[in-house]
Amino acid sequence: MNRRQFLAAAALSGLASACGSASASDPTTFRTELRVPPLLDPKVDKDGTRRFTLTMRRGLSEFLPGRPVETWGFNGPLLGPTIRAARGDEIRMTVTNRLDEVSTVHWHGMRLPAKMDGGPHQPIEPGATWNPHWTIDQPAATSWYHPHPHGQTARHVYRGLAGMFIVDDDRGEAGLPSRYGVDDIPLILQDKNLAEDGSPTGDPLKGTFGILGDHMLVNGTHRGFLNVGTERVRFRILNGSNARMYHLTFADGRSFHVVGGDAGLLAAPVEVERVSLTPGERVEVVVAFTAGEQVLLRTVSGSDDIDEGDFDLLKIVAAPRLTASPRLPGRLAGAPAPIVVPSNATVRRFRLNGHDAINGKEMDMSRIDEVVPAGAVEIWEVENTVYPHNFHIHEVAFQVIDVDGQKPAGYASGHKDTVYVPSKSTVRLAVQFGRFTDPGTPYMYHCHILRHEDSGMMGQFVIVPPGTANQVPRTIAAHHL
Ligand code: C2O
Ligand code: CU
Ligand code: CU
């Protein structure tokens, strides 16, 4: 091939691939209005306690228009309502399982006693109701909730069970858009493989990563559009996928500001053109729009197996006239203080092995792997050998100290609870533990690629009164689901 033939061939193949993805990138195919999960109204008791009711149930959803298929959801056929509560609120949940099998509901990102956590040790039998209660005492953040029955989490989430849990804190979020559904919009990103009849297919426990879907859903909507009417919009973005990692950008390459991560606001907005999110992670961004424009939010391929493929996710359509928004503040007053690591901090090491073990051990519900004194700040070092993974710790907030000695990206430097651990790398975390002690009830840490979590890449820790770690039994009675 000479140079001209080569260029011609290259142009042709470029054209071919552009044609191949034409339906995905043609904005006119984004015709379904984005579903925004409703806010869940609590019943407020005389003493101010807020009671929220969630029911896990089956129902019918249309991922492809006109093709209803069975899905699972909370209070509806798919996903769940958004729970919104404020720091200081007393919360009581009534969670009823109307499925045919046992499940659990875990409050991912919430700081609460282990018995209220909703992990594999708090099963809800079919027909049964679970009533966890706690006081919200943590900074403003975007959390979420999802099932956590050991070995079945991937399937239950893939069926549709997940919802957002927003924590407000009037210690200051001034200047950030916060009118839910107007200029404060949740975006739950999930990918599914859809059969011709519109039903999700694939075994979430097969292959190295389980599900890597070819249909991108936002809040359960495939190829949706969202009308916005304000100059600035805050998006609370949750990666609720089983395995996929997203690298989010706008089709026109515009920059936007990240204002928060998993566990709280950043000290100051960070301007970016792209953010990456692994399963379970959240990011809050503020995006500016000009009147009358349209832009696509998309994910682009990276260099890992879990982020293959360029996909358009959502079309955003700005109204011909936009309502003024407050200026983005230079500092975010509600940001949690940096985590200070004492010089004598305990260092614990976790090695992610293959896709089903940590430190050479598969998850065992009756084994306590780590015993942590209440209120401790520790360094957790997570080393990865082969496949890409991430690492989530229940109950805590952490900050990434470094990834192979490099500081994390500015937007990922705030308080978090889930972090990407690229293959062949070591991530060091400054972990701040809570003060609820319970030597008999563990919290979990695990890879949030659900296929890995379910096959045993998970461990258990308890939080105990300082000075008592040696007396704590390392085995507990645990029924296996
Ligand atoms: Cu999102 Cu152990 O959980
Ligand atoms: Cu969690
Ligand atoms: Cu993993």
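The values are calculated or read from the model by the stated rules, or taken from the named source; none is laboratory data. What you see is a predicted model, and the numbers here were worked out from it, not measured in a lab. No Cβ is skipped: glycine too gets one built from the backbone with ideal geometry, and neighbour counts run over all protein chains shown. Calculation scope for accessible area: heavy atoms of the full protein, side chains included, ligands and nucleic acids excluded. Shrake-Rupley method; radii C 1.70, N 1.55, O 1.52, S 1.80 Å.
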Estimated vicinal HN-Hα couplings, Hz - region 187-192 in sequence order (Karplus 6.51, -1.76, 1.60; Gly, Pro = x): 10, 9, 9, 9, 10, 9
Out of every Cα-Cα pair in region 103-254, what percent are more than 21 Å apart? 55 percent
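Could you give the longest part of the chain that holds none of the GluC sites (Glu not before Pro) found in DSSP loops with at most 15 neighbouring Cβ atoms within 10 Å?
Working: sites that count: 101, 196, 273, 293, 308, 362.
Answer - 363-481.
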Whether region 43-168 is rounded, prolate or oblate, judged on the alpha carbon gyration tensor where a/c under 1.5 counts as rounded: prolate
Please turn the phi angles of region 173-186 into ³J(HN,Hα) values with the Karplus equation 6.51 cos²θ - 1.76 cosθ + 1.60 (θ = phi - 60°), one per residue in order, whole Hz, x for glycine and proline. 9, 3, x, 8, x, 8, 8, 4, x, 10, 10, 9, 10, x
Can you list residues from other chains, or at least 5 along the same chain, whose modelled amide H is less than 5 Å from the amide H of residue 266? 260, 261
Dividing the convex hull volume of the alpha carbon atoms of the chain by its residue count, what do you get in Å³ per residue? 163 Å³
Once amide H atoms are placed 1.01 Å from N in the peptide plane, what residues at a sequence separation of 5 or more from residue 152, or on another chain, have their amide H within under 5 Å of its amide H? none
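If exposed trypsin sites (Lys or Arg not before Pro) are those in a DSSP loop with at most 15 other Cβ within 10 Å, what is the longest stretch of the chain that has none?
Details: sites that count: 31, 46, 98, 171, 179, 206, 254, 327, 331, 424, 435, 474.
Formally, the longest exposed-site-free interval is 332-423.
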Percent antiparallel among DSSP beta bridges (both partners in the chain, rounded to 5): 70 percent
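Out of all DSSP beta bridges in region 43-168, what portion is antiparallel? Express it as a percent rounded to 5. It would help to have the intermediate numbers written out before the result.
Details: 23 of 35 bridges.
Antiparallel: roughly 65 percent of the beta bridges in region 43-168.
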Under a cut-off of 24 Å between alpha-carbon atoms, report the lysines in cross-link reach of residue 407, not counting same-chain residues fewer than 8 places apart. 416, 424
Starting from the Cα of residue 192, draw a straight line to each of the lysines and keep only those under 20 Å, dropping any in the same chain fewer than 8 residues away. 206, 315
Helix 3-20 vs. the chain, principal-axis angle (Cα, 0 to 90°, nearest 10): 60 degrees
The local net charge around residue 335, scoring Lys/Arg +1 and Asp/Glu -1 for residues other than residue 335 whose Cβ lies under 11 Å from its Cβ, equals 0
Here region 55-71 yields Karplus 3J(HN,Hα) values (6.51, -1.76, 1.60; θ = phi - 60°; whole Hz; Gly and Pro given as x) of 10, 7, 8, 9, x, 10, 9, 10, 7, 10, x, x, 10, x, 9, 6, 9
Region 201-304, dipole about Cα centre (Lys/Arg Cβ +1, Asp/Glu Cβ -1), debye to the nearest 20: 160 debye
Using the Kirkwood formula on the Cα atoms of region 347-468, what hydrodynamic radius do you get, in angstrom to one decimal? 14.4 Å
Counting only residues 5 or more places away or on other chains, whose amide H sits under 5 Å from the amide H of residue 314 once H atoms are built in the peptide plane? 297
Using only helices, what value at 222 nm comes out for the chain when you add -39,500 (n - 2.57) per DSSP H run of length 4 or more and divide by the total residues, to the nearest 500 deg cm²/dmol? -2000 deg cm²/dmol
Can you give the charge dipole size of region 44-144 about its Cα centre, rounded to the nearest 20 debye, using +1 on the beta carbon of Lys and Arg and -1 on the beta carbon of Asp and Glu? 200 debye
Taking protein heavy atoms only, a 1.4 Å probe, and rounding to whole percent, the accessible area of the chain owed to carbon and sulfur comes out at 50 percent
Could you work out the local net charge near residue 289, counting Lys and Arg as +1, Asp and Glu as -1, over the other residues with Cβ closer than 9 Å to its Cβ? -1
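If you count only protein heavy atoms with a 1.4 Å probe, what accessible area per residue comes out for the chain, rounded to a whole Å²? Walk me through the intermediate numbers first.
On the way: 18980 Å² over 481 residues.
Normalised by residue count, the accessible surface of the chain is 39 Å².
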